[in-house]
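Since the structure comes first, as structure tokens, the remarks are kept for the end.
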Amino acid sequence: MGQQQNNTKKRIWKQLSERERYQIVILLQTGLSPTEVGRQLGQDRRTIEREIAKGSVLQVDSEWRERYQYGADTGQRIKRERDTNKGRPLKIGHDHRLAEYIEEKIGEEKYSPDAVIGEIKAKRTAV
């Protein structure tokens, strides 16, 4: 079997957009199930179920009945919060004072990164 006759599908993975989150709200309000919502949006049923679980908040109506309802704003806020946890940690470790010092020298005093490193090394050897 050659490469042209393979039987594997190319996996396409993408995150839900803010617009799709609002579409989920509208489709759920019309009474569609997560499976049907997924079909409409071209997403897997499980993706929609996870999004609904992540973005659901407890709401109380005028008769003090509690129920969980999906909110697109909540889902988007949680996504943004989780996005901030991504990325590499600081190479200089947890020394935030050093990071602030370097940012001040480069940003405000217009030092080059190499000049900042040279100054830090000179201060270290002087001590």
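Quick check on my filter: what residues within segment 69-101 are β-branched (Val, Ile, Thr) and in contact (Cβ under 8 Å) with a residue 24 or more places away in the chain?
If the condition is that a residue be β-branched (Val, Ile, Thr) and in contact (Cβ under 8 Å) with a residue 24 or more places away in the chain, then 78 is the only one that fits.
Within 18 Å of the chain's Cα centre (by Cα) and at pLDDT below 95: does that describe residue 93?
no
Check off (1) part of a helix (DSSP H, G or I); (2) surrounded by 12 or more Cβ atoms within 10 Å (Cβ to Cβ) for residue 121 and give me the number that stays unchecked.
(2)
Would you call residue 106 outside the structural domain of residue 28 (by TED's automatic domain parsing) and either surrounded by 12 or more Cβ atoms within 10 Å (Cβ to Cβ) or in contact with a strand residue (DSSP E or B) (Cβ under 6 Å, 6 or more places away or on another chain) (or both)?
Yes: the conditions hold for residue 106.
Can you pull out every residue in segment 28-38 that is surrounded by 15 or more Cβ atoms within 10 Å (Cβ to Cβ) and more than 15 Å from residue 56 (Cα to Cα)?
Once the filter is applied, which keeps residues that are surrounded by 15 or more Cβ atoms within 10 Å (Cβ to Cβ) and more than 15 Å from residue 56 (Cα to Cα), segment 28-38 yields 32, 36, 37, 38.
Checking the condition more than 22 Å from the chain's Cα centre (by Cα) and under 24 Å from residue 12 (Cα atoms), which residue from 36, 51 passes?
Sole residue among the options that is more than 22 Å from the chain's Cα centre (by Cα) and under 24 Å from residue 12 (Cα atoms): 36.
Between residues in segment 43-57 that are closer than 13 Å to residue 33 by Cβ and at pLDDT 95 or above and residues that are surrounded by 15 or more Cβ atoms within 10 Å (Cβ to Cβ) and among the basic types (Lys, Arg), which pairs lie under 8 Å by C-beta distance while being six or more apart or on different chains?
Matching pairs, first to second residue: none at all.
The values are calculated or read from the model by the stated rules, or taken from the named source; none is laboratory data. Keep in mind it's a predicted model, so treat the numbers as computed, not measured. Quick reminder, even Gly has a Cβ in these numbers, built from the backbone with ideal geometry, and neighbours come from all protein chains shown.
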